[in-house]
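A short worksheet on the structure shown next.
Please treat every number below as a calculation from the coordinates, not as lab data. From a predicted model like this one, the values you see are computed outputs, not experimental measurements. Using ideal geometry, Cβ is built from the backbone for each residue, glycine included, and neighbour counts are taken over all protein chains shown.
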Amino acid sequence: MIFHPIDMDTWSRKPYFDHYLNNARCTFSMTANIDITRLLPELKRNGYKLYPALIYMLTTVMNRHTEFRMGYDTDGYVGYWESMFPSYTIFHEDDKTFSSIWTAHHEDFHVFHERYLADLAVFGEIKQFTPKSNEPPYTFPISCVPWVSFTGFNLNIYNEGTYLSPVFTIGKYFRQADSILLPLAVQMHHAVCDGYHASLLVQEMQALADAVATWLPCSK
């Protein structure tokens, strides 16, 4: 995967990056409800599960915007990846532990879903933190807390505050009046993203949920 270093001398965001990384190192969290009233029944009707669909949707939105794909190369240069893959948690019901698996993304949902199922079949029962080896540096984390419909979620990463990729946490969906709502929390680094970018991500996730018929195959 190609990494694009940024020319710091011409980067319009450099003053913000310097301030929120060096002067007032800052991350922020936002939690919003995604309306999945259209999405959920369409997935069930066509034999797909919600979790891989949400992973696909998050990765699709991530790969639309360079602000979400920021990071460092092995030499410490700031830049962005050409695209990113999801690294997501799976739960082991018997001992209540979890593992984190990554899957190569594909723009076609059916292809991605097949890759997801293949990784789950091979690595899903291995009781290790990262059972699938050789995770590339261009992954981003997704976790799920399907037992509670939270209204806020704050995740703290203690790595000197230099982790630039968004971090996602999915909650339990719930019914409200005639709608089905799903909590989605995202943590972003203020050095590369602002409230506008977090809002944009939520809006585009909602648009994908509403337009499920445009990307979901009619049958597996």
* Among the residues of region 100-116, how many are touching a residue at least 24 places away in the same chain (Cβ under 8 Å) and either under 16 Å from Val212 (Cα atoms) or in contact with an Asp or Glu (Cβ under 8 Å, 6 or more places away or on another chain) (or both)? -> 8
* Would you please name the residue that is farthest from the chain's Cα centre (by Cα), looking only at residues in region 118-145 that are touching a residue at least 60 places away in the same chain (Cβ under 8 Å) and closer than 20 Å to Tyr48 by Cβ? => Cys144
* **Among (1) under 16 Å from Ser29 (Cα atoms); (2) of a type outside the set (D, E, K, R); (3) in contact with a Lys or Arg (Cβ under 6 Å, 6 or more places away or on another chain) - the single one Tyr158 does not satisfy** => (3)
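One line per residue, one yes/no per condition, for (1) under 14 Å from the mean Cα position of the chain (by Cα); (2) touching a residue at least 12 places away in the same chain (Cβ under 8 Å):
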{"site": "Ala177", "(1), (2)": "no, no"}
{"site": "Ile180", "(1), (2)": "no, yes"}
{"site": "Gln187", "(1), (2)": "yes, yes"}
{"site": "Val192", "(1), (2)": "no, yes"}
{"site": "Gly195", "(1), (2)": "no, yes"}
{"site": "Asp210", "(1), (2)": "no, yes"}
